[in-house]
1. Taking only C-alpha pairs under 8 Å that are 6+ residues apart, what is the relative contact order of the range 174-265 in percent?
2. Can you flag which of Lys174/Lys332; Lys306/Lys360; Lys449/Lys538; Lys453/Lys486; Lys507/Lys731; Lys258/Lys332 are past 24 Å Cα-Cα?
3. Give, rounded to the nearest 20 debye, the magnitude of the charge dipole that the chain has about its Cα centre when Lys and Arg contribute +1 at Cβ and Asp and Glu contribute -1 at Cβ.
4. Which whole-Hz ³J(HN,Hα) couplings does the range 48-54 yield from phi under the Karplus relation 6.51 cos²θ - 1.76 cosθ + 1.60, θ = phi - 60°, glycine and proline marked x?
5. Using the 10 angstrom Cβ neighbour count as an exposure proxy, how do Leu588, Leu736, Leu571 rank, fewest first?
6. Cα gyration tensor of the chain, axes a ≥ b ≥ c as square roots of the eigenvalues: rounded (a/c below 1.5), prolate (a/b > b/c) or oblate?
7. Express the relative contact order of the chain as a whole percentage, based on alpha carbon pairs under 8 Å and six or more residues apart in sequence.
8. Could you tell me which of rounded, prolate or oblate describes the range 308-375, using a ≥ b ≥ c as the square roots of the eigenvalues of the alpha-carbon gyration tensor, with rounded for a/c under 1.5 and, failing that, prolate when a/b is larger than b/c and oblate otherwise?
Amino acid sequence: MFALQPSHIYMQQVATDKTQALQKLCEILVKDGLVTSEYLQGLNDRENQSATYLGQGIAIPHGTPQSRQAILQTGVRVAHFPQGVVWGENGEIVYLAIVISAKSDEHLQVLQQLTRSLMSDIAEKIQQANQPEQIISLLNAQPPSFMLHEDLIATQAPAFDVEDLFFYNNFLLKKQQCVTSEFHQLLRSDALIHIGEGVWSITGEKYVLKPAVSIVTPEQPLQFLNKTLSMLICIASNDNMDMIQFHHFMDTLFSPAKRQQLQSCQEATEIAQLLGATVNLNWVKRSVILQNAHGLHARPATQLAKLAQAYRGDIQVSVNGGEFVSAKSLTKLLSLGGQRGQTLTLLAEPETDAVAGLEKIIHAVRDGLGEVVEPFVPQNQTKANSPKTTEPVLNLTFDEEISGTPASKGLAVGTAHVVKPPVFNYERFADNVATETQKLKTAIENVQKQLQKLISEAENKDIAQIFTAHLALLDDPDLQHQVNKKLMQGLSAPCAWFEHIDDLAKKQASLDNPLLAGRAVDLRDVGNRVLAQLCGVKEVNEPTDAYILIMDDVAPSDVARLNKNRVAGILTAFGGASGHSAIVARALGIPAIVGAGKRVLDIAQHTPLLINGDTGDYVINPDETQISQAKQARQQAIEQRKQAQQHCLKPAITQDNHQVEVAGNIGAVQVTKEAVEQGAEAIGLLRTELIFMSYHTAPDIQTQELAYRQVFDALAGRPLVVRTLDVGGDKPLPYLPMPHEDNPFLGIRGIRLTLRQPLLLKQQLTALLKASDNRPLRIMFPMIARLEEWQQAKAILDEVRQDYPCENLQVGMMLEVPSSALLASTFAKEVDFFSIGTNDLTQYTLAIDRGHPVLSKEADGLHPSVLMLIDKTVQSAHQHGKWVGVCGELASDSQAVPILIGLGVDELSMSVTSIPLVKSQIRELNYQECQKLAQQALCCTTASEVRALIG
Ligand code: PEP
Ligand code: MG
């Protein structure tokens, strides 16, 4: 962003009228090399369309779009007219003219800054100023402010300690652009102040952009310094804090009665209301993407303000979920600095003409507010084929994007049916143990009957299996025994039941294995069924028209209860693609998106929605064009896949005759056949740890040999690249307990583990050599970071080879750590091949945890630093006549394929379903052009620059 310098301010200018002032301004721009003299026409034309008077004695003259060709450089200049110039349509006097020459939207940030200052009375001070520095400081002045609204409040945060609460508070403040990233450093537990009744506060006075207060409550109250901590209030303060509002807030907080009330608040809106924060509970809300090429600059903003002014009722607007301002105020609109692609959220005051007006305004914004606009297609909608990272389950999702994890394919259109978790009210204690025991017994029996009915009616065996498992859970004698113990302690039936189920579910959810952890949902599901019986909670009525079911996480029984003819699709805030709800949705053929973030629960009932279960994208209030575009895109993708499928067995040869081997990544032996059918020319990565995980104890040599033989048999002579056991980090083996590590990704994982368990490695190598029968076997070791590791692993293999010689063996390594890429020329002398694991290589190069809930999206394998390491690896390998494969997700990323090929990668190995598409993509490519593209990519400085090269 460019900042105003004193040399940009022209003091003590005189003009008899606006025409002369514009003439002067144009001369200034010409003198500073920003425009040619033709720009004057544009300035005049613009004023004739409507005056650019802003308020507070300031005008912002700028040219029409047609005059943009007269602009040489984007810039802003300021002329001070102390005697004033009549400017506005109503005779308003201007003392300061801020003239803009803007090629793009760079000037918006300046304008945003300038217009903020207009919120205070500065006209007189501007007129009287006599130094450029005075003008700059007046324009840069921030009016007093104090932000607290429901988007700065989060409840039920899954927090284990105060650090977690700091994290969430910081996140909320950052997201509302109230603080910079460094603010987090100020949040230290020794600075916490206990206000009373579990409410604590902390104040930070540095790194604050806008004074604000955020509030987070933990899922369960924490204990801190022997006191309860059930709410943490974080105050981000600076000199601009509006002290009147702040004191009012603190007075509320210091009232013990209010704090008592706060204890019972469950929702952010309730807390916000209690503390006098901005809540727009009953206001009608609509969102629209801003499509104007240069954002919400003066012209479209004027248009929007005029439209809003036509209604008596209030209309508020925010950009990307930030602060709401009046849509009727031009200065406030400009202060938002809205840019193309950002979401404008508009609120209309209930029961006023503004509600009807909202529709018109939304249409006007869509139509460009008087400008010709190109539709904005978010990047994540254009990359339908690029692999997506599965969002880990995190109860508090701060994701801004309107997408989630695709869980069940297909498009669905319908109205939102939001089902919030049921509320169970019950007393903690009861007087009569026998009565409570009987109540529980009856409730369990009723649920057993329900489940039996569901099993017998289930159209699908996956669903029947889930309910059979639920039935088994209820039959568990230990479960009943533990709950009975609680009943004997005087707890009421619902309380005893809930506490035990909750305990079990938490233990299950904390298991390291995501698959097992996911089963906590089943426990809660069946638990809630019983609880509903005990508390007399009725099931929610299903709408009669096609709808999109929105829930925090859809439990299996919710899905099974669905009427397939009415539920068009499913959208959940939490959950992963391997969860039961996703499995059931797939089994029923209902398009589904899971883990789309908590904000989906805020979608108003009956709002029209479009969900794309192929890509994970969803659109609120889609228009006909969006629906037909999505349908078209889906149809195209289906067609493309069909075409690709037809030719999947043919080799992948570029237009200029360069062949690339395309192989499959598998984790289960049975999938080999499917891989071959989809066109795999080899198995490029057999993740043997997944085979190990399917056993309760470590498989012995014979068991392993049988499994590997199946793969060889199905490959019918094609090569098999096997990775030795790669556990540790995010992949624990239940029967190989490991001590706790603070940083498991930097700990004993991959080769580091098997070198410490050499018997395990020897057994695996023996089984592989025995199974090969001289068929093409390629063995590679994972996570090699140091030469010594390679040498030790190789020595173990050489020892095993003495007893089990194998003719057709190549020995290589996974290249997943920057150290080994940098030493590639040394390794290249020793190995037969490299296989680049871009998932880990990216994680370790960019120092971003690949599963991080917030950051993992930034771990882009097309980052130039990662490409440089790949380039170095390929060059070193080829110098020594060795081949290189890529087996990370990047290998099937359609934007990465040409670059990887251009860098000289010999083999791409990917999930089986991607094989036909990547092969067909390669057939369209030209190797020489890929080489040029790769060289350009190596010169880029960011991953987005690289992606922009491909378009
Ligand atoms: C990789 O790291 O890119 C890789 C293929 O290994 P995994 O994803 O199994 O760690
Ligand atoms: Mg890896």
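1. So the answer I get is 28 percent.
2. Numbers: Lys174/Lys332 21 Å; Lys306/Lys360 12 Å; Lys449/Lys538 17 Å; Lys453/Lys486 30 Å; Lys507/Lys731 18 Å; Lys258/Lys332 33 Å.
Among Lys174/Lys332; Lys306/Lys360; Lys449/Lys538; Lys453/Lys486; Lys507/Lys731; Lys258/Lys332, the Cα-Cα distance tops 24 Å for Lys453/Lys486; Lys258/Lys332.
3. Details: 81 positive and 104 negative charges, 166 e Å.
About 800 debye.
4. So the J values, rounded to whole Hz, are 5, 5, 6, 5, 9, 5, 9.
5. Placing the least packed residue first, the sequence is Leu736, Leu588, Leu571.
6. Taking the square roots of the gyration eigenvalues as a ≥ b ≥ c, the chain is oblate.
7. Computed value for the chain: 8 percent relative contact order.
8. On the way: a/c = 1.80, a/b = 1.29, b/c = 1.40.
In terms of gyration-tensor shape, oblate.
Just so you know, all these numbers are worked out from the coordinates, no wet-lab data involved. Source: prediction; values computed, not measured. Note that we place each Cβ from the backbone using ideal geometry, even for glycine, and neighbour counts take in every protein chain shown.
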